[in-house]
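Okay, structure first, notes after.
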Amino acid sequence: MCQSKVVVLEDGKARVVMTDVTLLEIKNGRIVVKDILGKELVLEGYEIDYIDFVSHKVYLRAST
């Protein structure tokens, strides 16, 4: 299985906020991610910066 990591880019640094991510949804301007065990994290004030499919990482940055 190919799970991903969600990484937040802030102040020139990358911080992993969730690993083993199997689902990412955009709902009402929020990013909702769930891991393989069903744990859910809701991120407000962020948008997708880019996705690296090779390394299985989704990079987020603060919304402008």
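The values are calculated or read from the model by the stated rules, or taken from the named source; none is laboratory data. These numbers were taken from a predicted model, which means no experiment stands behind them. Counting neighbours? That spans all protein chains shown, and the Cβs are built from the backbone with ideal geometry, glycine included.
Of the residues making up the stretch 2-28, those that are among the hydrophobic types (A, V, I, L, M, F, W, C) and either in contact with a helix residue (DSSP H, G or I) (Cβ under 9 Å, 6 or more places away or on another chain) or in a strand (DSSP E or B) (or both) are VAL6, VAL7, VAL8, LEU9, ALA14, VAL16, VAL17, MET18, VAL21, LEU23, LEU24, ILE26.
Scanning the stretch 29-62 for residues that are modelled with pLDDT of 95 or more and part of a loop (DSSP other than H, G, I, E, B) turns up ILE36, LEU37, GLY38, LYS39, GLU44, GLY45, PHE53, VAL54, SER55, HIS56.
Rundown of residues vs (1) under 17 Å from LEU9 (Cα atoms); (2) over 10 Å from the mean Cα position of the chain (by Cα); (3) loosely packed, with under 12 Cβ neighbours inside 10 Å, yes/no style:
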residue: GLU25; (1), (2), (3): no, no, yes
residue: ILE31; (1), (2), (3): yes, no, no
residue: ASP35; (1), (2), (3): no, yes, no
residue: LYS39; (1), (2), (3): no, yes, yes
residue: ASP52; (1), (2), (3): yes, yes, no
residue: LYS57; (1), (2), (3): yes, no, no
residue: SER63; (1), (2), (3): yes, yes, yes
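The number of residues in the stretch 11-23 being surrounded by 12 or more Cβ atoms within 10 Å (Cβ to Cβ) and charged (D, E, K, R) comes to 1.
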